[in-house]
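The values are calculated or read from the model by the stated rules, or taken from the named source; none is laboratory data. Source: prediction; values computed, not measured. Here the Cβ positions follow ideal geometry from the backbone for every residue, glycine too, while neighbour counts run over all protein chains shown.
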Amino acid sequence: MIEVEFRLARPGGFTLECGFAVPARGVTALFGRSGAGKTTIIQAVAGVVRPDAGRIVVDGEVFFDSARGIDVPIEARRVGYVFQDSRLFPHLKVEGNLRYGERRSRAAERRIGFDAVVDLLGIGPLLARRPHTLSGGERQRVAIGRALLAQPRLLLMDEPLAALDGARKAEILPYLERLRDTMGLPILYVSHALDEVLRLADTLVALREGRQVAAGPLAQVMSRPDMLPVLGRFDLGTLLDCEVVRHDAAYGLSTLAFSGGELRVPQVERAVGGKVRARVRARDVAIALAKPEGVSVSNLLPAVVEEVRAQEGPYADIALRVGETQLAAMVTRESVERLGLRPGLPVWAMVKSVAVEGSRPEFLDAGL
Amino acid sequence: MLTPEEWTAVALSLRVAFWATFWSLPVAVLTAFVLARSRFAGKSLLDGLVYLPLVLPKVVVGYLLLLTLGGRGLIGQYLDAWFGIKLIFTTAGATVAAAVVSFPLTVNAIRLALEAVDRGLETAARTLGASRLDVFFSVTLPLMLPGILSGALLAIASALGEFGATITFVSNVEGQTRTIPLAIYSATHMPDGDAMALRLTLVSVVLALGSLLLASLCDRRIRVMIGRA
């Protein structure tokens, strides 16, 4: 487990309060807008900033405990830190940068090999180069390799893609997925980009203005109505872990099954039986009292209203139950009144659009 | 070309300048580090003390050295009694005078270089398992090298040109304390010393130009080496 619970006040009025315990495996995303306190949290985990009070424990090892006066120095925590701006040492070549942390690790603890990392990140051709001759994407890959070779027990990544343009991001993301799936190393991943979080994360800690909004398994957190201020009305929605049931090549469609029903989506590039993550935004779910006839929407799901929450402004958040799954919908308050929506009412959910957010490979624990 | 007496002065100057820089450089790096990185009560006082030789008349610096390190000085008497170190009228004394006078320039150059070092790189090094001391030697110091080099060259140049403090503190003894500037001074007081003064002046110009050229050459090399070209 990674247990983080602390309070910190900065001169200038910013205060941060958080408390979460997440599994020490897979990717935990710290998500929120800039200024939410995401980076401060991983800085505290690394020991770069010191909380006013609290406790930080990774895999049973206490990094920080204000009550017991424990504050392990940065270099003794053995956490890999990938900075947004790479921070490669300009006076060392790529190989020297990669070896910097490796040399300082204990020989008995070296389980991540140099060649494996170079191979994983595709940085073999760069070894003799100077950092200032590398592109932004290359620099970030080297920085990731350098952090891995320091043999960390936890990898911290601070918006590693934020300084890169779209094409470079697309270049790095597959490396991050491979890293997640092969290294068996827990990762705390700071990001304000929803697409990265949905693609990489297993667990989510959502933050807003120095406060923790929610923490838990990604799909669970994403559909919570209190995520609205974090995500914005545009992006609030439900994540569904699905399995590919069949492909319909004639129409170019695939059928996905989730615990609650089936969805028809544009064909996904994954074999039957493969896992994918589908995302339904609340504003793309419409509600009908009777099974709609003569509509173009093909995803019609029988549902039961669980909760109706009127929001400020014209909208209301509706929680629907579809089989075992909770599905978030958003309609106007006027519609709530006109349809008489109330908890317990059976309705039909019309899902206008589904985004399939990419692969969801089984977690591999194959350490190197 | 040069008379034996002039050679003696040139060799002595080089020796004094080299040793003054050699001994003051590590102290200057340490002082710059303390001044740039730490906060403590009395820091402004230390700051002032370090820069004092720069603003005081050099003769005053020399006289203060005489009062403290001279044969009957506050510290000087013990240096002699306990360690047998005599500074008055000796090359060692000339070296001390040169080191003290050049110290503020050296510290300043190194401090500027240190402040230009990206502290984010030091943090990165610590997350990679390096202790503070390790970070200093493996990251900070290499990145400061251009500043240390320019500090060292400033120190050598100012040591080569040191006059006031030296003549006040350790006098003008041939072969012991008579460096090039003191030799030129002596020559101008001799009836037929014009030629000697002129030759030593030329030597000074050549030494100054040579060290400037060497400095820019080294600077370029180091900047390429640390990726700051």
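Laid out as a table, the results:
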| item | result |
| --- | --- |
| Residue within segment B:149-165 that is of a type outside the set (A, V, I, L, M) and within 14 Å of another protein chain (Cβ to nearest Cβ) present | no |
| Subset of segment B:189-224 (residues that are free of Cβ contacts under 8 Å to residues at least 60 places away in the same chain and within 14 Å of chain A (Cβ to nearest Cβ)) | B:ARG221, B:VAL224 |
| Any pair with Cβ under 7 angstrom, 6 or more apart, that starts in segment A:255-276 at a residue that is closer than 19 Å to A:ARG199 by Cα and ends at one that is not in a strand (DSSP E or B) | A:VAL265/A:VAL354; A:PRO266/A:GLY252; A:GLN267/A:GLY252; A:LYS275/A:ARG360; A:VAL276/A:VAL268; A:VAL276/A:ARG270; A:VAL276/A:ARG360 |
| All positions within segment A:58-89 that are assigned to a strand (DSSP E or B), more than 10 Å from chain B (Cβ to nearest Cβ) and within 21 Å of the chain's Cα centre (by Cα) | A:VAL58 |
| Wholly within segment A:125-223, strands (runs of 3 or more DSSP E) carrying at least 3 residues that are within 14 Å of chain B (Cβ to nearest Cβ) | A:154-158 |
| Close pairs from segment A:330-346: first surrounded by 12 or more Cβ atoms within 10 Å (Cβ to Cβ), partner assigned to a helix (DSSP H, G or I), Cβ under 6 Å, at least 6 apart | A:MET330/A:ALA282; A:MET330/A:ARG283 |
| Single condition A:ALA24 does not satisfy, out of (1) touching a Lys or Arg at 6+ places or on another chain (Cβ under 7 Å); (2) among the aliphatic types (A, V, I, L, M); (3) at pLDDT below 90 | (1) |
| Residue in segment A:265-279 that is of a type outside the set (A, V, I, L, M), over 28 Å from A:SER191 (Cα atoms), in a loop (DSSP other than H, G, I, E, B) and at pLDDT 85 or above present | yes |
| Output for segment A:23-40, where each listed residue is under 12 Å from A:ALA206 (Cβ atoms) and among the hydrophobic types (A, V, I, L, M, F, W, C) | A:ALA29, A:LEU30, A:PHE31, A:ALA36 |
| Which listed residue, of B:THR127, B:THR140, is within 14 Å of chain A (Cβ to nearest Cβ), within 23 Å of the chain's Cα centre (by Cα) and at pLDDT 85 or above | B:THR140 |
| Checklist (1) modelled with pLDDT under 90; (2) over 30 Å from B:VAL34 (Cβ atoms) applied to B:VAL203, failing item | (1) |
| Qualifying residue in segment A:90-104 (condition: outside any strand (DSSP E or B), within 17 Å of A:GLU159 (Cα to Cα), of a type in the set (S, T, N, Q) and within 14 Å of another protein chain (Cβ to nearest Cβ)) | no |
| Tally, over segment A:337-355, of residues that are modelled with pLDDT under 90 and either outside the structural domain of A:LEU253 (by TED's automatic domain parsing) or touching a Lys or Arg at 6+ places or on another chain (Cβ under 6 Å) (or both) | 1 |
| Filter pass, A:VAL49 being in a loop (DSSP other than H, G, I, E, B), of a type outside the set (Gly, Ala, Ser) and in the same structural domain as A:LEU126 (by TED's automatic domain parsing) | yes |
| Residue within segment B:209-224 that is touching a Cys at 6+ places or on another chain (Cβ under 6 Å), part of a helix (DSSP H, G or I) and of a type outside the set (D, E, K, R) present | no |
| Flag if A:SER34 is surrounded by fewer than 17 Cβ atoms within 10 Å (Cβ to Cβ), part of a loop (DSSP other than H, G, I, E, B) and among the polar types (S, T, N, Q) | yes |
| Cβ pairs under 9 Å, 6+ apart, first in segment B:87-107 and on the phi > 0 side of the Ramachandran plot, second crowded, with 24+ Cβ neighbours inside 10 Å and modelled with pLDDT under 90 | B:PHE89/B:VAL170; B:PHE89/B:THR177 |
| Exclusive hit being surrounded by fewer than 23 Cβ atoms within 10 Å (Cβ to Cβ), under 19 Å from the mean Cα position of the chain (by Cα) and among the aromatic types (Phe, Trp, Tyr), set A:TYR189, A:TYR175, A:TYR100 | A:TYR175 |
| Odd one out for B:LEU74 among (1) touching a Ser or Thr at 6+ places or on another chain (Cβ under 7 Å); (2) more than 30 Å from A:ARG78 (Cα to Cα); (3) aliphatic (A, V, I, L, M); (4) surrounded by 19 or more Cβ atoms within 10 Å (Cβ to Cβ) | (4) |
| Selection status of A:ALA303, part of a loop (DSSP other than H, G, I, E, B), more than 27 Å from the chain's Cα centre (by Cα) and either modelled with pLDDT of 85 or more or crowded, with 20+ Cβ neighbours inside 10 Å (or both) | no |
| Single condition A:ARG111 does not satisfy, out of (1) loosely packed, with under 15 Cβ neighbours inside 10 Å; (2) closer than 24 Å to A:ALA76 by Cα; (3) at the interface with chain B (Cβ under 10 Å from one of its Cβ atoms) | (3) |
| Of residues in segment A:242-299 being polar (S, T, N, Q) and farther than 30 Å from A:ARG338 by Cβ, the one surrounded by the fewest Cβ atoms within 10 Å (Cβ to Cβ) | A:SER259 |
| Odd one out for A:GLU138, checked against (1) within 23 Å of B:PRO142 (Cα to Cα); (2) surrounded by 19 or more Cβ atoms within 10 Å (Cβ to Cβ); (3) acidic (Asp, Glu) | (1) |
